[in-house]
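Below is one structure; the comments refer to it alone.
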Amino acid sequence: MSPTVLIADDEPLLREQLEGLVNRIWPEARIVASASNGAEARIALQEQRPDVAFLDIRMPSPDGLALAEEFADEPSLIVFVTAYDQYAVAAFEKNACDYLLKPISEDRFQETVNRLESRLERSDTTMAIASIRREIENLKSKPRLDRIPVHHRGKTKLVSVGDIRYFKADAKYTLAFDASNEYVLSSSLQALEEQLDADVFWRIHRNCIVNANFIETVHRITSDVFVVKISNRDDELRVSRNYRYRFREF
């Protein structure tokens, strides 16, 4: 039989993305409910009893963690969806099968589908959760950058990462901008992102990571277009569709 799926997230774009991923990557599954808050998700869990529930950790009450506690004895496999990897350990204490970090890539979603299909077949949670815990601990143990070497005016020097307003990919290089200077880095934006504090440095576009401490304003240009203004600079940076969830309150 086709596995049934519940999707619960208070951000319409993320719900739409998850629905699209399920339809493209897991066509055997059938979405039986889509909830915009915890109250709707609770009703769907009670009435539909889905095989799989994708729950946003931070949505209007009850949030995903609270729902996982409430329905701990139910057969639904839970996948938590979050923008913050520090919530993942707490998530797995609530009997989660897996977690997805926003924005969700197709490759990562495919890994989740593989785990779900395996769990649906064998009903054995121990090894899956242990493996995911190790993955999370590896993420948490990675050293965070404090100072970074940059090229500037023919010299290489160290600058404080905390002073950088944003990083931007530019051809073969990555550019870093503080209040008044532009620096060139040898590392890729992806490699840099893995060493930055995700609570402070937010990716807002495939080619841009901003220091959230220096976001001065957020403007909604149209219903689909956001730009952020960086303090002490004239720059306005566009937010791509995949990362608009970070500014859901605007």
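The values are calculated or read from the model by the stated rules, or taken from the named source; none is laboratory data. Just so it is clear, the model here is predicted, and its values are computed rather than measured. Note that we place each Cβ from the backbone using ideal geometry, even for glycine, and neighbour counts take in every protein chain shown. Just so you know, the surface numbers come from the protein's heavy atoms only, side chains and all, with ligands and any DNA or RNA stripped out. Shrake-Rupley method; radii C 1.70, N 1.55, O 1.52, S 1.80 Å.
Quick one: which strands (runs of 3 or more DSSP E) lie wholly within region 153-250 and hold at least 1 residues that are among the charged types (D, E, K, R) and at pLDDT 85 or above? Show your work before the answer.
Details: elements: 155-160, 166-170, 173-177, 182-185, 201-205, 208-211, 215-222, 225-230, 236-239.
Those strands (runs of 3 or more DSSP E) span 155-160, 166-170, 182-185, 201-205, 215-222, 225-230, 236-239.
So, TYR99, is that one at pLDDT 80 or above, within 12 Å of the chain's Cα centre (by Cα) and of a type outside the set (Gly, Ala, Ser) or not?
Here the answer is yes, as TYR99 does meet what is asked.
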Exercise. Applying the selection to region 214-230, what residues are among the β-branched types (Val, Ile, Thr) and open to solvent by less than 30 Å² (accessible area, probe 1.4 Å)?
Worked result: VAL218, VAL225, VAL227, VAL228, ILE230
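Do the conditions hold for ARG233, that is, is it among the charged types (D, E, K, R) and loosely packed, with under 13 Cβ neighbours inside 10 Å? Step through it out loud before you land on a result.
Numbers: among the charged types (D, E, K, R): yes; loosely packed, with under 13 Cβ neighbours inside 10 Å: no.
Considered against the rule, which asks whether it is among the charged types (D, E, K, R) and loosely packed, with under 13 Cβ neighbours inside 10 Å, ARG233 comes out as no.
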Exercise. Do you know which residues across region 202-213 are in contact (Cβ under 8 Å) with a residue 40 or more places away in the chain and open to solvent by less than 40 Å² (accessible area, probe 1.4 Å)?
Worked result: ARG203, ILE204, CYS208, ILE209, VAL210, ASN211
